[in-house]
1. Tell me, please, whether a residue that is free of Cβ contacts under 8 Å to residues at least 24 places away in the same chain and in contact with a Phe, Trp or Tyr (Cβ under 7 Å, 6 or more places away or on another chain) can be found in region 43-60.
2. Looking only at region 56-93, which residues are under 12 Å from the mean Cα position of the chain (by Cα) and among the hydrophobic types (A, V, I, L, M, F, W, C)?
3. Considering region 30-55 alone, what residues qualify as being over 11 Å from the mean Cα position of the chain (by Cα), in a strand (DSSP E or B) and surrounded by 11 or more Cβ atoms within 10 Å (Cβ to Cβ)?
4. Pairs under 6 Å by beta carbon, first residue of a type in the set (A, V, I, L, M, F, W, C) in region 70-91, partner surrounded by fewer than 12 Cβ atoms within 10 Å (Cβ to Cβ) and not in a strand (DSSP E or B), six or more apart or different chains?
Amino acid sequence: MIRSELIRLIASENPHLTAQQSERLVGCIFETIIDAMAHGNRVELRGFGVFSVRKREARLGRNPRNGVTVPVRNKTVPFFTAGKQIRDRLNGR
């Protein structure tokens, strides 16, 4: 599912919302999650999962084209842990 499909689904299931209002709603939710993670906070959506931030230390990597060793800087990456409800549904429980 892509963002536009999600917006369309929300608009169709909520007839009191226009497509434009649904788009703003989805954008607001995503921006709130991104802002919280940018500040190093965890975002927990019960039954869905947890969005968090992990730090990766600097290391030596390898260029796959020519095998040359290159330095990789430290970085912060997003991380998602699925909730129990999602895991159960995916596993047919």
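Since every read-out is calculated from the coordinates, none of them should be taken as a lab result. Treat the numbers as computed from the prediction; the structure is a model and nothing was measured. As a convention, Cβ positions derive from the backbone with ideal geometry for all residues, glycine included, and neighbour counts pool all protein chains shown.
1. Yes: one or more hits.
2. Val77, Phe79, Phe80, Ala82
3. Glu44, Leu45
4. Pairs found: Val70/Asn63.
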